[in-house]
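The values are calculated or read from the model by the stated rules, or taken from the named source; none is laboratory data. Owing to the predicted nature of the structure, the values given are computational and were not obtained by experimental measurement. Glycine also receives a Cβ, built like all others from the backbone with ideal geometry; neighbour counts cover every protein chain displayed. Note: accessible area is taken over every heavy atom of the protein model, side chains too, but ligands, DNA and RNA are not part of it. Shrake-Rupley method; radii C 1.70, N 1.55, O 1.52, S 1.80 Å.
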Amino acid sequence: MIGQTIRVCADWKAKDASIVSYHAPDSLEDALAALTSADTRLLGGGTDIFPPALPGKAPTKILDVTNIREMRGVSESAAGWRIGAATSWSELINHPLPPAFDGLKAAARTIGSVQIQNTATIGGNLCNASPAADGVPSLLALEAKVEITSAAASRWVALEKFLIGPRRVDLKLGEILTAVIIPPHPGKMRSSFLKLGSRKYLVISIAMVATLVEFTDSRVRRARLAVGACSPTALRLRRLENELRGMHIEQLSELVVSDDHLRPLSPINDVRGSAEYRLCSVKELIRRALAEVAEIE
């Protein structure tokens, strides 16, 4: 295990600069052994670990999991795909994956800058649990589960259950999110992702939509659709998904999304946009995202 002590930058304006215990193990066994107290902060890339902290309230113990071999890379088996939680977004973008993952890759390209994508990890994005986390809607559409490991055992939780609320996840003391599990998807499934922000890059989402659609004989056989940044956690619109079944591919670009379809959402008013604006934008984003998968087909 690598261990060292660092001093937090004086910009935190604390009375005394905090002393930070920093460990970066290269095995999961060592990481779990080091995860012994509630004040230990897991670091999975570190792109958002200090900005949310209040002055003088920076983490005092950091456990960096990005060097852990068991938590890196993308692999495929009969059970689907396993994406290590310490896998960077750039690694995911560059890995050969079927069209069902195109939406997730599109989302990955909107996460910060290329430099951020090279460092930020999938597990870090999920555990940060921001309502505007760009990776979440596409993972919900893919029906992802998360693999959670402790020294005693491993467990698997559906992503929509893992995300409890803003900055809150189903992760207990002594547990580490070690992987994201994606079940197998038919080769004919197509996916898309659209994000609305005040500019194209380096922006927090105002609203976003991810779709995953399977076509048979030019008709929708099954569809999944998730919306982010419009509720405490990203949500799938299951009523709309059901209504899309059987719809002809040419109808998707002219789809009219109703207020009832968006009833599960509960957007807020903030500096990026009003709740009304978000709901109005989501309707158009859904139409465009579905039109995009129709064009792919």
Discussion item. Could you work out how much longer the chain between residue 114 and residue 161 gets when fully extended? Use 0.36 nm per residue separation minus the Cα distance between them, nm to one decimal.
Written reply: 13.9 nm
Discussion item. Taking R0 as 30 Å, what FRET efficiency do you get between residue 38 and residue 76 from their Cβ-Cβ distance, rounded to the nearest 0.05?
Written reply: 0.25
Practice prompt. In a Gaussian network model over the chain where Cα atoms closer than 10 Å are linked, find which of 67, 125, 94 has the largest mean-square fluctuation.
Written response: 94
Practice prompt. Just name one of 118, 162, 78: the one whose Cα is farthest towards the positive end of the charge dipole of region 50-190 (beta-carbon charges, Lys/Arg +1, Asp/Glu -1).
Written response: 162
Response to the item:
Residue separation between residue 280 and residue 251 times 0.36 nm, minus their alpha-carbon distance, gives in nm 8.4 nm
Item to complete: Go ahead and estimate [θ] at 222 nm for the chain from helices alone: -39,500 (n - 2.57) per DSSP H run with n ≥ 4, summed, over the residue count, rounded to 500.
Response: -6500 deg cm²/dmol
Worksheet, complete the sentence: Toy charge model, Lys and Arg Cβ at +1, Asp and Glu Cβ at -1: region 109-268 dipole around Cα centroid in debye, rounded to 20, equals 160
Worksheet item: What's the long-distance tail for region 192-296, i.e. % of Cα pairs beyond 21 Å?
Response: 31
Worksheet, complete the sentence: For the pair residue 260 and residue 150, the simple spin-label estimate (label points 7 Å beyond Cα toward Cβ) gives in nm 4.4
Worksheet item: For the chain, treating each Cα as an identical point scatterer without solvent, what Debye log10 I(q)/I(0) comes out at q = 0.12 1/Å?
Response: -0.79
Fill in: the chain - charge dipole about Cα centre, Lys and Arg +1 at Cβ, Asp and Glu -1, debye rounded to 20
420
Response to the item:
By the C-alpha gyration tensor axes a ≥ b ≥ c (rounded if a/c is under 1.5, else prolate when a/b exceeds b/c, else oblate), the shape of region 99-236 is oblate
Discussion item. Using a 1.4 Å probe on the protein heavy atoms only, what accessible surface does residue 175 show? Give it in Å² to the nearest 10.
Written reply: 20
Fill in: Where a label projected 7 Å from the Cα of residue 200 along Cα→Cβ would reach, residues of region 94-133 with amide N under 20 Å
94, 103-118
Practice prompt. Pairs of lysines 8 or more apart, or on different chains, with alpha carbons under 28 Å: count those in the chain, would you?
Written response: 25
Discussion item. Please compute the length gained on full extension between residue 216 and residue 270, using 0.36 nm multiplied by the number of residues separating them and subtracting their Cα-Cα distance.
Written reply: 15.3 nm
Worksheet item: Of 156, 81, 89, which has the most accessible area with a 1.4 Å probe, and how do the rest follow in descending order?
Response: 156, 81, 89
Fill in: Nearest 10 degrees, 0 to 90: helix 275-296 Cα axis against the chain principal axis
70
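Explain nothing, just the number: dipole magnitude of region 72-182 about its Cα centre with +1 on each Lys and Arg Cβ and -1 on each Asp and Glu Cβ, in debye rounded to the nearest 20.
About 220 debye.
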